[in-house]
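Written below as structure tokens is the structure these notes are about.
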Amino acid sequence: MKIRADLVVENASELVTVAAAGCERDDSATRVAPGSRGTGRAAVSPPGLPRTGRAMRELGIIENGSVAAFGDRIVAVGPSAEVRAKVSLTPDARVIGATGKVVLPGFVDPHTHLVFAGSREHEFIQRAEGRSYMDILASGGGILSTVRATRAAPPSELVELALKRLDVMLCHGTTTAEVKSGYGLSADEELKCLRVIRELSEHHPMDIAATFLGAHAVPPEYRGDPDGYVLCITEEMLPRVASEGLAEFCDVFCEHGVFSVDQSRRILEAGKAMGLAPRLHADEIAPMGGAELAAEVGAASADHLLCASPDGMRRMAEAGVVATLLPATSFTLMLGRYADARAFIDAGCPVALATDFNPGTSPALSMQFVMNLAAFGMRLRPAEVICACTINAAHALRRADEVGSLEVGKLADIIIADIDTHLKLPYQLGTNFVDKVIKRGQVVVTGGRRVVQ
Ligand code: NIG
Ligand code: FE
């Protein structure tokens, strides 16, 4: 019996499946399935787990490959002739030729602060003149200036602003994103932002994972009393967030001068008890033991990590915490260095990449820009970069059963890129290589532009 399909993307120069290798064992290693070729040694991570070590270089590339979908799901993946033979097309099926192009899974951006009003372009000039990010925050600017603008904005304005940003992300290939609250910092204002995030999910094709980040900064109402604010988060905000089912994750900015390890632990444990999985901003500006805390609480992901200790890396690897690195933030903060991606990989941590889009430290909506920085700034290999923006990023959101690779049964989230080899993905600078984006089986971007059906 043939498999029904209503969409086929065929004859790709390279179909980058990012699927785990075909696990045909010989004495020394694991080979990829016939008809496909790996980009390094064979994969060592079992399917279902994030990729670590050499397995981050395994992209499951199929030359002259096709992917077929029915409805929102992938139904066949393989060499073009095999897929054509396997599927029976519905009368209204869409056949998209990808000759000379690279086809790959939609990018997953596992760390964004997408919902805010106002902007902070004046701050980067201050930073260029030598003022530090934490100094600007301590004097009531930075995050707190965005809090003032966001509190003043009606939800409709926040929705409108965020929808435009989501469109830009989609046009650059992102099909799943995490979105945090964190510019409300009172129960009512945080809930307002989380409801905005829920509305975005209803009005935009992007799949969105919502994160409660009430612990983004200590608001002016609790200046000098961070423990009082922590109590407000655990006793008032979290129960309301959980009872309305507004967030999957709970996040904390664990940093000197913001929330201590002990305060972060209290918040993350309280969130966990209410069904919110922990993730955190850890060891960004000063070494704090944030990586160790991430391992202790079983976080889905620890993010930033420029100052993580070797022991913290080891513990994260043991606990299976994804290290989500944010090179656009290091770039924008003009730090002159990046998180040590190679040390995380060598320690056995799965590495993901994200934009950290926000008005203060990362005005970047494009995962392609992040890929460039990861390749040129962190010296990651193209295959590692792609793995970090797809399957490992999906693991950082605990959605790898749905997205992050082109595999039968997963969502048909597909990028058709106007390049002939995946090596150009992180290499090509400053231009958008996305031709088409297919989201849940629907063409939502063509010629690099958003199409609304
Ligand atoms: O991940 N570090 C804390 N939060 C954001 C910055 C938010 C802001 O400056 O508005 C970050 O970099
Ligand atoms: Fe962030």
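On the stretch given as region 326-374, residues that are within 26 Å of VAL434 (Cβ to Cβ) and either basic (Lys, Arg) or within 9 Å of ligand 1 (Cβ to nearest atom) (or both) total 8. Given the condition surrounded by fewer than 24 Cβ atoms within 10 Å (Cβ to Cβ), under 26 Å from the mean Cα position of the chain (by Cα) and part of a loop (DSSP other than H, G, I, E, B), answer yes or no: does some residue in region 78-100 qualify? No, the conditions are met nowhere in region 78-100. Taking the residues in region 318-329 that are within 12 Å of ligand 2 (Cβ to nearest atom) and part of a helix (DSSP H, G or I) as candidates, determine which candidate is nearest to ASP135 (Cα to Cα). Out of the qualifying residues, it is THR329.
Taking the listed residues PRO363, PRO310, the one that is in the same structural domain as ASP262 (by TED's automatic domain parsing), surrounded by fewer than 24 Cβ atoms within 10 Å (Cβ to Cβ), over 19 Å from LEU276 (Cα atoms) and within 16 Å of ligand 2 (Cβ to nearest atom) is PRO363, with no other qualifying.
When region 155-186 is filtered for residues that are away from ligand 1 (no atom under 16 Å from the Cβ) and surrounded by 18 or more Cβ atoms within 10 Å (Cβ to Cβ), the ones remaining, listed by number, are VAL159, LEU166, ASP167, MET169, LEU170, CYS171, HIS172, GLY173, THR174, THR175, THR176, SER186. When residues in region 111-122 are screened for being in contact with a helix residue (DSSP H, G or I) (Cβ under 6 Å, 6 or more places away or on another chain) and either aliphatic (A, V, I, L, M) or within 16 Å of ligand 2 (Cβ to nearest atom) (or both), 4 of them pass. Restricting ARG342, ARG279, ARG315, ARG337 to those that are within 16 Å of ligand 2 (Cβ to nearest atom) and either crowded, with 22+ Cβ neighbours inside 10 Å or more than 16 Å from ALA396 (Cβ to Cβ) (or both) reduces the list to ARG279. Residues satisfying the criterion are absent from region 162-171 (criterion: among the hydrophobic types (A, V, I, L, M, F, W, C), within 16 Å of ligand 2 (Cβ to nearest atom) and part of a strand (DSSP E or B)). Look at region 316-329: where a residue is without any contact (Cβ under 8 Å) to a residue 60 or more places away in the chain and a partner is among the hydroxyl-bearing types (Ser, Thr, Tyr) and within 12 Å of ligand 1 (Cβ to nearest atom), sitting 6+ places away or on another chain with Cβ atoms under 6 Å, you get ALA328/THR355; ALA328/SER362; THR329/THR361; THR329/SER362.
In region 232-251 there is no residue that is touching a residue at least 24 places away in the same chain (Cβ under 8 Å), within 16 Å of ligand 1 (Cβ to nearest atom) and surrounded by fewer than 19 Cβ atoms within 10 Å (Cβ to Cβ). Go through the residues of region 198-212 one by one and say whether even a single one is under 24 Å from PRO239 (Cβ atoms), crowded, with 21+ Cβ neighbours inside 10 Å and small (Gly, Ala, Ser). Within region 198-212 (the criterion being under 24 Å from PRO239 (Cβ atoms), crowded, with 21+ Cβ neighbours inside 10 Å and small (Gly, Ala, Ser)), the answer is yes, since at least one residue qualifies. Residue check: ALA273 meets all listed conditions (1) surrounded by 15 or more Cβ atoms within 10 Å (Cβ to Cβ); (2) among the small types (Gly, Ala, Ser); (3) more than 15 Å from ligand 1 (Cβ to nearest atom) but one, namely (1).
The values are calculated or read from the model by the stated rules, or taken from the named source; none is laboratory data. Quick caveat: nothing in here was measured; it's all calculated off a predicted structure. FYI the Cβ positions are ideal-geometry reconstructions off the backbone, even for glycines, and counts take in every protein chain you see.
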